[in-house]
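> Sharing a structure here in structure tokens format.
Nothing in this text is a laboratory measurement; each read-out follows from the coordinates by a stated rule. Owing to the predicted nature of the structure, the values given are computational and were not obtained by experimental measurement. Counting neighbours? That spans all protein chains shown, and the Cβs are built from the backbone with ideal geometry, glycine included.
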Amino acid sequence: MKAHEIMVNPAYKVKETDTVRAVIEKFIKYRISGLPIVNERNEIVAYISDGDILRYVGRQEDQVVVGSLFFSLVFKGDQDEYEDRIRKVLGLNVMLIAKKKVYKVSWDAEVEDIASLLGKRQIKKVPVEKNGVLVGIISRGDVIRHSFQSTLAEEEQTPAANRQLP
């Protein structure tokens with residue numbers, strides 16, 4: 001089975017010039033948790049997830065960095081209240097908090113390889129591209145549904161006495 005057979009198309013996306021507000025609006029409207037970010041040619045340039053946003057708005061602790069015996073640096077954590085950080089993030093450009101290293105798959109990739117990528121890298125979704133352009137997206141759920149659907153259907157047709165137990 002190939003990526004193009006199980007991908008969701010069209011994939012929701014945002015442009016590299018959009019703000020986080022556009023991301024949040026799509027997260028809420030479509031009940032999703034991540035979006036590919038594309039340039040004007042629809043090429044994938046980054047990916048933004050709910051985790052990226054939560055890391056920005058979540059509590060930031062003070063950090064002490066010891067440079068040597070003679071000096072150390074203290075990076076102050078949050079100076080803003082949570083609600084202020086929420087408001088502030090909405091106006092930021094998506095590229096400021098998005099992941100620039102994007103795991104993506106070719107539209108003719110094998111589902112087995114996609115399952116491996118999602119599992120090993122512990123990512124929830126992977127954009128699908130064809131000729132360098134975004135054409136769809138595949139989630140863990142898509143892989144699970146399509147991988148097990150036919151096996152479960154076959155088992156329902158097979159009498160219980162003929163099934164092999166592990």
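> Ranked from highest to lowest mean number of other Cβ atoms within 10 Å per residue, what is the order of the peptides 18-25, 133-140, 84-91, 149-156?
Working: 18-25: 17.9, 133-140: 19.9, 84-91: 13.9, 149-156: 9.5.
In descending order of packing, they fall as 133-140, 18-25, 84-91, 149-156.
> Now a separate question. Round to a whole angstrom and tell me the spacing of the C-alpha centers of segment 33-60 and segment 111-162.
23
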